[in-house]
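Taking it in order: structure first as structure tokens, then the write-up.
The values are calculated or read from the model by the stated rules, or taken from the named source; none is laboratory data. Note that the structure is a prediction, hence the values are computed from the model and not measured. Here the Cβ positions follow ideal geometry from the backbone for every residue, glycine too, while neighbour counts run over all protein chains shown. These accessible areas exclude ligands, DNA and RNA; they are computed on the full protein's heavy atoms, side chains included. Shrake-Rupley method; radii C 1.70, N 1.55, O 1.52, S 1.80 Å.
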Amino acid sequence: MAEETIFSKIIRKEIPADVVYQDDLVTAFRDINPRAPSHILIVPNKLIPTVNDIEADDELALGRMFTVARKLAKAEGIDEDGYRLIMNCNVHGGQEVYHIHMHLVGGRPLGPMLIG
Ligand code: 5GP
């Protein structure tokens, strides 16, 4: 069994976070250390530690993460100017929290690299 992270507690509303979306498969909340005017983390409710641990059964949740990213980008008003979706994996990827998450980042020109 993988060890839970702080994100599981946020998903279960056990600790505070600025949750902007939640359904049966995914939760989205604002990053505590935003690197751009819009910086939201979209996570599966199920604990999947890294992209290396993704299984075929997870495809519905992973697809939902993209649908939610699209909706939130529009809600943030960054869809037309553009934004970046980032998923870091393991040490070289710069992953800090071992519960997969998609960074939705935008609201300014982002440059070549951003998170890691
Ligand atoms: P990673 O480097 O793993 O891709 O990104 C982890 C992200 O989670 C970082 O951008 C970090 O600021 C964010 N983060 C870490 N702990 C918390 C927390 O307790 N609450 C929120 N909202 N974000 C967090």
task: Search the stretch 89-106 for residues that are farther than 22 Å from K71 by Cα and pair each with any residue that is polar (S, T, N, Q) and within 6 Å of the ligand (Cβ to nearest atom) when their beta-carbon atoms are under 9 Å apart and the residues are at least 6 apart or on different chains.
output: C89/Q95; G94/N88; Q95/N88; E96/N88
query: Residue check: is L110 more than 27 Å from E4 (Cβ to Cβ), in a loop (DSSP other than H, G, I, E, B) and within 15 Å of the ligand (Cβ to nearest atom)?
result: yes
query: Would it be correct to say that V19 is loosely packed, with under 15 Cβ neighbours inside 10 Å, closer than 25 Å to D79 by Cβ and under 12 Å from the mean Cα position of the chain (by Cα)?
result: yes
message: Restricting to the stretch 6-35, name every residue that is more than 20 Å from L104 (Cα to Cα) and near the ligand (Cβ under 8 Å from one of its atoms).
response: I15
task: Please find, within the stretch 93-106, the residue that is surrounded by the fewest Cβ atoms within 10 Å (Cβ to Cβ) out of those that are more than 7 Å from the ligand (Cβ to nearest atom) and closer than 21 Å to T27 by Cα.
output: Y98
- prompt: When you look at F66, is it free of Cβ contacts under 8 Å to residues at least 60 places away in the same chain, farther than 21 Å from A2 by Cα and in a strand (DSSP E or B), yes or no?
  reply: no
message: Quick check on the stretch 69-88: of everything there that is of a type in the set (A, V, I, L, M, F, W, C) and either more than 9 Å from the ligand (Cβ to nearest atom) or touching a Lys or Arg at 6+ places or on another chain (Cβ under 7 Å) (or both), which residue is nearest to D58 (Cα to Cα)?
response: A69
query: Does the stretch 44-63 hold any residues that are closer than 30 Å to P109 by Cβ, touching a residue at least 12 places away in the same chain (Cβ under 8 Å) and either open to solvent by 80 Å² or more (accessible area, probe 1.4 Å) or not aliphatic (A, V, I, L, M) (or both), and which are they?
result: P44, T50
field: Selected residue (criterion: nearest to E3 (Cα to Cα)) from residues of the stretch 18-58 that are in contact with a strand residue (DSSP E or B) (Cβ under 7 Å, 6 or more places away or on another chain) and assigned to a loop (DSSP other than H, G, I, E, B)
entry: N45
- request: Select from the stretch 1-33 the residues that are touching a helix residue (DSSP H, G or I) at 6+ places or on another chain (Cβ under 9 Å), in contact (Cβ under 8 Å) with a residue 40 or more places away in the chain and of a type in the set (D, E) and list them in ascending order.
  value: D23
